[in-house]
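The next block holds one structure in the form of structure tokens; read it before the comments.
The values are calculated or read from the model by the stated rules, or taken from the named source; none is laboratory data. Just so we're clear, the structure is a prediction, and the values are computed from it rather than from any experiment. Here the Cβ positions follow ideal geometry from the backbone for every residue, glycine too, while neighbour counts run over all protein chains shown. Heavy atoms of the whole protein, side chains included, go into the accessibility calculation; ligands, DNA and RNA do not. Shrake-Rupley method; radii C 1.70, N 1.55, O 1.52, S 1.80 Å.
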Amino acid sequence: MFRLAKGVTHFYKTPGDEQRGIGETMCSYDIGAENIKPVHTVRFVTRLMSISTMTVYMEENEEPLTDEELFKVDLTIRTALAFISRNRLQVIAEELAFYDDMGYRNIRSFFKFIAWYNKPGDLNGMAAVNYNLRHFALVNEEFGRACGDIVMKNHYRHIETIIGKSGTVARLGGDTFVCVCKQTDLPELLEYLNEAVVPADTNGRTVSISSYAGVFRIPDGYTVDNENDIMGKIIQSYQIAKAGVQGNIVFYSDMMLSEKDRARKIQKMLPEALKNGEFHVFYQPKVNILTGEIAGAEALCRWFSNGQIIPPIEFIPVLEETSDICKLDFHILDQVCGHIRKWLDEGKDPGRISVNLSRRHMTDPNLADNIIEIVDRHHVPHRYIEIELTETTTDVEFKDLRRAVENLQEHGICTSVDDFGMGYSSLNLIRVVPWNVLKVDRIFVPEDDEAKDSVRSVMFSSIIAMAKDIGLECVVEGVETKAQFQMLREIGCEQVQGYLFDKPLPLDEFEKRLDMGRYDIP
Ligand code: C2E
Ligand code: MG
Ligand code: MG
């Protein structure tokens with residue numbers, strides 16, 4: 001070969017890698033000579049900015065190449081490099097197509113896997129799972145992003161080892177994953193998803209991770225007409241898992257279809273219902289525990305549809321699946337402001353009226369402006385409005401929540417954390433976000449005959465004491481009996497709301513209470 005001693009090819013994915021010398025090296029030809037020097041190099045840059053170079057060497061004492069020889073060497077190298085580059089490009093293209101930038105397999109790889117098994121029965125004995133690592137934002141917050149990345153990777157790797165080569169796992173984005181595995185691997189997989197202790201570094205630090213998961217056991221003979229079909233089923237059952245009423249892991253069953261149809265129907269009915277004024281505000285008074293005075297009320301939504309009243313539990317979760325809930329919330333706020341203006345004009349003081357806002361609003365950077373626009377349009381002084389936000393949905397990052405609460409407070413609008421105690425990590429939420437009011441959920445209110453040293457009684461007193469300590473107003477929800485009322489008074493709680501005084505009232509009934517001004521306290 002024209003007296004050449006050696007030929008070496010380098011392959012770099014990026015110009016940066018080339019500069020740093022990080023790439024693949026292939027020796028395509030070597031006679032094993034010692035004193036060699038490079039005589040010719042060709043560098044080839046592809047359209048994806050990957051780079052291949054080939055250098056040929058000759059022994060020091062060898063007679064130099066003639067021009068004609070050099071021309072031939074150059075031509076041969078170029079031809080070889082063109083092939084090598086194309087081959088390498090394919091590898092890169094595959095990585096780009098089927099892996100994300102953190103090195104996780106992506107949704108395309110999941111669909112490719114499923115598309116491969118397209119004949120009836122190919123997927124016999126398999127299952128598909130959609131899962132989300134719960135509270136992962138907290139892991140990042142507490143341990144730092146870099147450590148969070150390690151935890152997520154370790155979790156993913158462990159899933160890979162559980163499902164082995166017969167399955168696949170891919171990341172949909174954020175902390176949400178999908179996976180296909182053998183049904184025989186399912187018990188181990190679900191146990192791991194339910195609760196996993198995951199290494200966070202090499203010093204033995206660990207993080208406990210649990211997940212919400214939706215599972216579809218693929219029935220024998222199942223044919224994949226469309227990959228989205230499996231995806232739809234696991235997402236649907238995952239969403240039920242996430243809603244938290246049926247446990248962290250929910251299996252898909254055909255029963256869900258009717259649920260899904262019902263949800264679609266409600267979502268479809270919404271625009272007309274809003275236009276026709278089918279949503280009414282009911283008011284549940286908040287009562288000052290010492291004086292019995294009406295300190296304000298909570299605005300609660302009721303849907304009047306074909307002569308029936310639909311309670312919020314029937315439609316709020318459905319509307320929360322999309323951002324439809326935001327339209328409804330603003331619609332309710334708008335009605336509330338109209339009512340407050342009317343009461344003020346009539347010389348009635350309604351106190352502070354709280355309006356529930358879904359956590360779905362948190363990603364809206366203009367949330368505070370949109371609220372202020374509605375309140376100001378009705379010329380309602382800001383001190384009459386309070387915004388209730390729940391802590392039960394977990395996906396909202398604290399920083400969004402904190403920003404929303406701070407923006408509202410800058411405009412003199414109070415915020416309360418609703419259903420305190422129902423969600424997770426409540427104490428952290430209280431610490432990080434500067435609320436005005438704590439609304440303690442009724443599950444924390446002790447029963448009449450409950451001993452003072454029961455866990456619930458002790459927790460309840462501590463919550464009230466803590467709220468006072470950090471300067472939060474405290475409203476206890478769901479007070480139903482005189483005994484509860486007395487107990488709350490002894491503990492030093494300030495405001496109560498519950499059936500003991502009134503259920504949520506339609507507008508005219510509530511106005512009668514405003515005229516009355518106060519309740520007789522037991
Ligand atoms: P929430 O904000 O915690 O509202 C309190 C719920 O407790 C109300 O149920 C109320 O009727 C009920 N309640 C009050 N006192 C008692 C009591 O003494 N005993 C018992 N057993 N229950 C009591 P409701 O009106 O069915 O509302 C349920 C949830 O729906 C609300 O919980 C709130 O999260 C949501 N919601 C209601 N209206 C809206 C709205 O306009 N927008 C949004 N985003 N959510 C709303
Ligand atoms: Mg509420
Ligand atoms: Mg509540």
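Observations, loosely collected:
- Residue pairs, from the table Lys242/Lys327; Lys112/Lys182; Lys265/Lys439; Lys286/Lys342; Lys452/Lys503, whose Cα atoms sit over 25 Å apart: Lys265/Lys439; Lys452/Lys503
- Region 83-125: projected area of the alpha-carbon convex hull, averaged over directions, in nm²: 4.3
- Looking at the chain alone, DSSP beta bridges between its own residues are antiparallel in about 70 percent of cases.
- If you plug the beta carbon distance of Glu406 and Glu195 into 1/(1 + (r/R0)^6) with R0 = 35 Å, you get a FRET efficiency near 0.50.
- Length added when fully stretched, Lys468-Lys265, from 0.36 nm per residue minus Cα-Cα: 68.6 nm
- Gap separating the Cα centres of region 1-66 and region 455-522, nearest whole Å: 81
- Two-decimal log10 I(q)/I(0) for the chain, as the Debye equation yields it once each C-alpha is a single scatterer, q = 0.13 Å⁻¹: -1.29
- Modelled FRET efficiency - R0 22 Å, Glu60 with Asn87, Cβ distances, 0.05 increments: 0.10
- Here the extension length gained between Ser210 and Arg383 equals 58.2 nm, from 0.36 nm per residue of separation less the Cα-Cα distance.
- Surface composition of the chain: carbon plus sulfur atoms hold 51% of the accessible area, using a 1.4 angstrom probe and ignoring ligands, DNA and RNA.
- For the chain, the longest principal axis of the alpha carbon atoms and the long axis of helix 227-243 meet at an angle near 40°.
- Per-residue extension of 0.36 nm, minus the Cα-Cα distance of Asp30 and Glu160, leaves a gain of 42.8 nm for this segment.
- Using the 1.4 Å probe convention, the accessible area of region 279-515 works out to 44 Å² per residue with neighbouring protein chains retained.
- Nearest-10 value in Å² for the accessible area of His382, using the 1.4 Å probe: 50
- Ranked by solvent-accessible area (1.4 Å probe, protein heavy atoms only, all chains present), the residues Trp303, Trp116 order from largest to smallest as Trp116, Trp303.
- Principal-axis tilt of helix 507-516 within the chain, Cα atoms, nearest 10 degrees: 50
- Tyr99-Gln246 FRET efficiency (beta carbon distance; Förster radius 25 Å; 0.05 resolution): 0.15
- Ligands, DNA and RNA aside, Leu427 has an accessible area near 110 Å² when probed at 1.4 Å.
- Accessible area in square angstrom per residue, region 107-256, 1.4 angstrom probe: 47
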